[in-house]
Each structure stands twice: as C-alpha cells, then as structure tokens.
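Read through the structure below, which is laid out as structure tokens, and then see the notes.
Laboratory data are not the source of any read-out in this text; all were calculated from the coordinates shown. Since this is a predicted model, take the numbers as computed values, not measurements. Every residue, glycine among them, receives a Cβ derived from its backbone with ideal geometry; neighbour counts consider all protein chains shown.
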Amino acid sequence: MPSATSEKTPVHVYGGPTTLIEYGGLRFITDPTFDPPGEYPMPLPGDHKLVKTDPSPVTAADLGTVDAVLLSHDTHDDNLDDAGRAFLSEVPVVFTTESGAGRLGGNAHGLAFWETAELRRPDGGTVTVTGLPARHGPQGCEPITGDVVGFMLTSEDLPSVYVSGDNANLEHVKEIAEKFAPVDTAVLFLGGARMPFAFDGALLTLDSALGAEASGILGARRVVPAHYDSWAHFQEGREEIEAAFSEAGLADRLDFAR
C-alpha cells in the first residue's frame, strides 16, 4: 500500500502516458493522449506505424481545470496525439523539452536538464518544476528518437513527485537520485517499448525489471506505472510489472492508480 505521505498526492493514470497529478492545489497532466484507437505513420524510412489499441478512458473535457502539462516530448504520437495537441492551448503552461517548446510555441516552456520553473499555489506557496535527464533509447539514439525530458515536482511542505517520461537510461536515474532521493512518488513510464527495426530491438523505455531497479535507486515510497498499455509496441504489461517488483521485494510500493 502507498505510504501515508504518498496518499497526500492524488495520481490517476488514464491509459498510455496520460496521468493526472494533483499537487499543491494544482492539477498537472502528463503527455496528453485522448484519440480513439488507430494508426499513426512514423517519420522513418519504410511503412512503420504506431498503433493505438485501446480507447482513452477520458476525454480532455472530462478532466476539468488543468494548470499545467508535463510533456516529455512532442514528437511521438503515443505521447502527444491529435486530441492531446489540441488540448495544449487550453492549459496555462506546457513544460517540455527546449526543442519542443520551439516547435509548439505559444504557452510551451522549455526546460533544460536541471532547469527549474515555479508555479504559484492557490494557498500562496509555490511548486517547483525541475526538468530532469531522460534518454529515449540506447546511447546515441537522440538523432532518431529526439529529445526527451523528465520532471520533478517539489514544494516546501509536500512530498516529491517524479515523472520519468520516456527514459530508458538508469544512469540518468542515478543522477536524479543523487539530487532528490528519496522520492516519494515515482510515475514511471514502463512497458519495455521496443521496435524490431530500431536500434536492433533495444529498449526505448524502461522495462519492468529496470523499473524495479530504478525504484530502488530512487528510494521511491510509491511507484505509479504508466505508459505500459494501449499501444502495440509495448512488450510488457501489468502482469510483468507486478512480477518484476515482487521479485525485487518492492511489490508493496506499486500503485496502479486507476
């Protein structure tokens, strides 16, 4: 079960990477995806597609007021689909990569690794959003997979919340742990995404075993898995996540937060 402090941070996962985090009186959405099942052509040589297999359980309108989007990257449809892209203009600020902010314009605010931004809480306090290192695949993948950023939410009187984004690199997790461990809630994008035509089938995101290892490195008291379902390129789902965390002795940290 989540710890008592973790329960102060409501988190709801809505399929794929889309997660609602209520923090300091503010409402954050990660990587908004609301489209129905379908295919998305990939900007690569060959007839490669991303395939969404399951409908989103919510629409953008169902979410109500949202204060900020935490967008790990804007270049892949499984992290920002058509309806999600339309939703961005309805939110006061979209935190994303520096390159993504240049492409999106408007209310997009790029965060370099370790760069911070502050949001005013309704009670007069502040929430600090820190951009964190992430890499969407093996060493040297960036020219193909593009830039990615993770996020940390912190506030003086609240437990911390980490959002991994599409990160496959445990070395980055270790760097994050050096500055922020122990983390209270870690929203980890798992699923073990692989594509046989890309990087010899290397991992593009954490798989279940690496997710458990990352959780231990971070000292996370609660782990909320996300981005492991609703798309055909994920290799592992809830069953594999539960098995890996049980094997690592971390099953009590899991919270699927539906």
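Of the residues Val93, Val66, the single one that is in contact with a strand residue (DSSP E or B) (Cβ under 6 Å, 6 or more places away or on another chain) and within 21 Å of His227 (Cβ to Cβ) is Val66.
Could you say whether any residue in the range 79-95 is among the acidic types (Asp, Glu) and closer than 19 Å to Pro37 by Cα?
First, pick out the residues of the range 79-95 that are among the acidic types (Asp, Glu): 81-82, 90.
In the following step, the residues that additionally are closer than 19 Å to Pro37 by Cα were identified as 81-82.
The answer is yes, given that some residue of the range 79-95 is among the acidic types (Asp, Glu) and closer than 19 Å to Pro37 by Cα.
Can you work out which of the residues in the range 54-106 that are over 15 Å from the mean Cα position of the chain (by Cα) and among the hydroxyl-bearing types (Ser, Thr, Tyr) is nearest to Pro143 (Cα to Cα)? Outline the logic, then answer.
Residues of the range 54-106 over 15 Å from the mean Cα position of the chain (by Cα): 54-67, 82-83, 85-93, 98-106.
After this cut, where a residue has to be among the hydroxyl-bearing types (Ser, Thr, Tyr) as well, the list is 56, 59, 65, 89, 99.
Working: Ser56: 30, Thr59: 32, Thr65: 36, Ser89: 28, Ser99: 12 Å.
In this case the residue turns out to be Ser99.
In summary, no strands (runs of 3 or more DSSP E) completely within the range 124-215 bear 2 or more residues that are of a type in the set (D, E, K, R). The number of residues in the range 137-152 being within 14 Å of Phe113 (Cα to Cα) and in contact (Cβ under 8 Å) with a residue 40 or more places away in the chain comes to 5. Criterion first (more than 17 Å from the chain's Cα centre (by Cα) and either crowded, with 24+ Cβ neighbours inside 10 Å or in a strand (DSSP E or B) (or both)) does Ala117 satisfy it? The answer is yes for Ala117. Scanning the range 45-66 turns up at least one residue that is over 17 Å from Phe256 (Cα atoms), free of Cβ contacts under 8 Å to residues at least 40 places away in the same chain, not in a loop (DSSP other than H, G, I, E, B) and not acidic (Asp, Glu).
For every residue, the table says whether it meets (1) surrounded by 15 or more Cβ atoms within 10 Å (Cβ to Cβ); (2) touching a Phe, Trp or Tyr at 6+ places or on another chain (Cβ under 9 Å).
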{"site": "Asp47", "(1), (2)": "no, no"}
{"site": "Ser56", "(1), (2)": "yes, yes"}
{"site": "Gly64", "(1), (2)": "no, no"}
{"site": "Val69", "(1), (2)": "yes, yes"}
{"site": "Asp78", "(1), (2)": "yes, yes"}
{"site": "Asp81", "(1), (2)": "yes, yes"}
{"site": "Arg85", "(1), (2)": "yes, no"}
{"site": "Val91", "(1), (2)": "yes, no"}
{"site": "Ser99", "(1), (2)": "yes, no"}
